[in-house]
Amino acid sequence: MPRSPANSPTPDACTRPSSPRRSSGDPSACSTPTSPCARSAEISCSSAPSPSLPSAPAGPVLVVLIDVTGHGIAAAIAVNRLYAELERLTAAGSPPAPHDLIAALNDFACVNLAPQAMFATALVLRVTGPDAPGAPGTVEWAGAGHPPALLRSARTPGVGRLDSLAPMLGVIEADLFACQLSRQPLEAGDHIIVYTDGAIEARDQERRELGIDGLGALLGAGPDPGRTLAQTLLGAVERHRAGSAADDTLIVEVSLTEG
């Protein structure tokens, strides 16, 4: 979606190992490491073009990406309000379940954004490391109108999808809104890619969009030497795109690695 100017990011990244810190990224990637368990693996986050986020032993780590409709000052204000609400919702205790967080953000959007015809998509991941050496971790997720996250498995060929199953934030009132929680195992070496629609809507000289399948094919090919998957994918998106970008693009990579 077209969004706010670079000096008013739509939304941004924060890490919360002990206290909040905002960085200059574009979509919202919020990781909250808590409750360490087995130290046989760690959860790593990186993004392009934004700086990488600190690794977190074991987790759980909460990753939230929100994309607001519109552009300019109105979108920037909406982003700041959503960011403040996200910090409030994740400030205390263990990271909330992804579907509960989506429902709470929808309540906020219905009251505070929808009356100004502002809406948003969102995808929330909660990643937990293994509870014993050699065991898999877990990824839980829920989404609201956002493009699916993509999963590159270390053990099986192909690229999987973590789909959003709820409508956009602010479109449906709380008493009618339903958001489903999904989960699956996450093995060491697995990589999850979360992105804004600017990545899949990039058009080549013949006006063909890269699309989800195109991004998935690039992900399946793996990273370029010396680069993260996020950096590799962003570079491929830029090479596919003819002319100036019509939308901001950010790609976030989450992986479970051997500790």
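Looking only at residues in the range 49-83 that are buried (at least 20 other Cβ atoms within 10 Å of the Cβ), of a type outside the set (A, V, I, L, M) and at pLDDT 90 or above, the one that is nearest to residue 100 (Cα to Cα) is 83.
In the range 99-121, the residues that are more than 15 Å from residue 166 (Cα to Cα) reach residues that are buried (at least 18 other Cβ atoms within 10 Å of the Cβ) and polar (S, T, N, Q) with C-beta atoms within less than 8 angstrom, at least six apart or across chains, in these pairs: 118/69. Tell me whether the range 114-127 contains one or more residues that are within 30 Å of residue 258 (Cβ to Cβ) and assigned to a loop (DSSP other than H, G, I, E, B). No, the range 114-127 contains no residue that is within 30 Å of residue 258 (Cβ to Cβ) and assigned to a loop (DSSP other than H, G, I, E, B). For first residues located in the range 75-95 and closer than 12 Å to residue 105 by Cβ and charged (D, E, K, R), partners that are crowded, with 16+ Cβ neighbours inside 10 Å and at pLDDT 95 or above and lie 6+ apart or on another chain with Cβ distances below 6 Å form the pairs 85/108. Just one of the listed residues (254, 237) is crowded, with 19+ Cβ neighbours inside 10 Å, touching a Cys at 6+ places or on another chain (Cβ under 7 Å) and modelled with pLDDT of 90 or more, namely 254. Considering only the range 232-251, I want to know if a residue exists there that is closer than 23 Å to residue 136 by Cβ and touching an Asp or Glu at 6+ places or on another chain (Cβ under 6 Å). No: zero hits.
Just one residue in the set 196, 156 is of a type in the set (S, T, N, Q), under 30 Å from residue 237 (Cα atoms) and surrounded by fewer than 24 Cβ atoms within 10 Å (Cβ to Cβ); that residue is 156. Taking the criterion of being under 23 Å from residue 253 (Cα atoms) and more than 19 Å from the chain's Cα centre (by Cα), the residues of the range 154-186 that qualify are 154, 155, 156, 157, 158.
The values are calculated or read from the model by the stated rules, or taken from the named source; none is laboratory data. It should be emphasised that the depicted structure is a prediction, and the values quoted were computed from it without experimental measurement. Quick reminder, even Gly has a Cβ in these numbers, built from the backbone with ideal geometry, and neighbours come from all protein chains shown.
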